[in-house]
Amino acid sequence: MRLNGGPSGTPPVLAVQGRATIGGMDVLELLESAGLLAPGAAADPNDPTVLEIWDLLAHDGWETVLTLLEEPGTNPPIPPRTWADLATAAERLHLPHSAAWCHWRHYEARHDLVIRAELTLLPAGEGRRKTPFAGAGVMRPLWDIGQRTPDGGPNLAVGFLWVEHTPTLGPGERATVRLLALAPDRWRDLRPGDRIAMHEGRPVAGTAVVLEARRVYGSC
């Protein structure tokens with residue numbers, strides 16, 4: 001038996017007879033059921049890779065570890081139900097960032113749409129925003145995705161914003177982001193290379209180049 005203690009409020013990682021639990025929950029079983037780990041792949045709790053995985057899982061780093069384990073293109077997409085189960089597990093373990101990430105991925109899978117882009121915010125002297133914003137899906141800006149109203153003006157669409165592997169994004173900064181469309185069907189015509197604009201109110205707050213626009217379960 002081995003117990004890896006963490007900072008106050010962090011669920012401990014407990015290894016017993018080759019199995020590891022976080023806060024008493026066998027998260028390995030969830031990862032195996034999701035197809036992210038082969039059964040028994042993490043049976044040796046002394047393996048350095050396994051230790052890194054459990055450290056990330058126990059310290060609210062599920063976005064990082066799940067992205068690494070997914071290996072896009074090598075495994076079938078994870079179904080919505082499994083993302084919901086992972087979100088519930090993260091909530092029970094009081095891991096807010098990881099729970100939010102799993103809820104985000106659940107929404108993507110349920111609506112069969114993934115949109116990623118390279119976003120550049122305007123500098124503080126040029127745009128309306130003066131301070132950084134949290135990157136974990138709390139921003140809900142408007143986007144000019146190329147659609148027009150009957151009078152020829154931009155028909156803006158609402159899209160939540162997740163900054164990948166970065167806690168905040170501030171004026172003048174650039175990052176890879178995921179966009180969660182409030183009305184997914186309006187976004188399905190986007191293609192890699194398209195340029196879209198982010199709005200906070202009427203002014204443009206930033207510009208983005210689409211990197212990826214695809215269905216979860218097949219090409220758009």
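Since every read-out is calculated from the coordinates, none of them should be taken as a lab result. Please read these numbers as outputs of a predicted model, since none were measured by experiment. Glycine also receives a Cβ, built like all others from the backbone with ideal geometry; neighbour counts cover every protein chain displayed.
The slack in the chain from Thr168 to Val209, taken as 0.36 nm per residue of separation less the alpha-carbon distance, amounts to 12.8 nm. The charge dipole of the range 113-214, taken about its Cα centre with unit charges on the Cβ of Lys, Arg, Asp and Glu (plus for the first two, minus for the last two), comes to roughly 100 debye.
Residue by residue, the range 180-185 carries 3J(HN,Hα) couplings of 10, 6, 5, 10, x, 4 Hz when phi is fed to the Karplus relation 6.51 cos²θ - 1.76 cosθ + 1.60 (θ = phi - 60°); x denotes Gly or Pro.
Near the amide H of Ala205, within less than 5 Å, lie the amide hydrogens of Met198, His199, Glu200, all on another chain or at least 5 residues away, with H placed in the peptide plane.
Working note: Karplus 6.51/-1.76/1.60 with θ = phi - 60° gives the range 105-115 the couplings 5, 4, 5, 4, 5, 5, 9, 6, 8, 10, 10 Hz, where Gly and Pro are set to x. Taking 0.36 nm per residue of separation and subtracting the Cα-Cα distance, full extension of the segment from Glu118 to Tyr217 would add 33.3 nm. What FRET efficiency, computed as 1/(1 + (r/R0)^6) with R0 = 25 Å and r the Cβ-Cβ distance, is obtained for Arg110 and Glu32, rounded to the nearest 0.05? Here the calculated transfer efficiency is 0.65.
The distance from the alpha carbon centre of the range 170-194 to that of the range 76-124 is 15 Å, rounded to a whole number.
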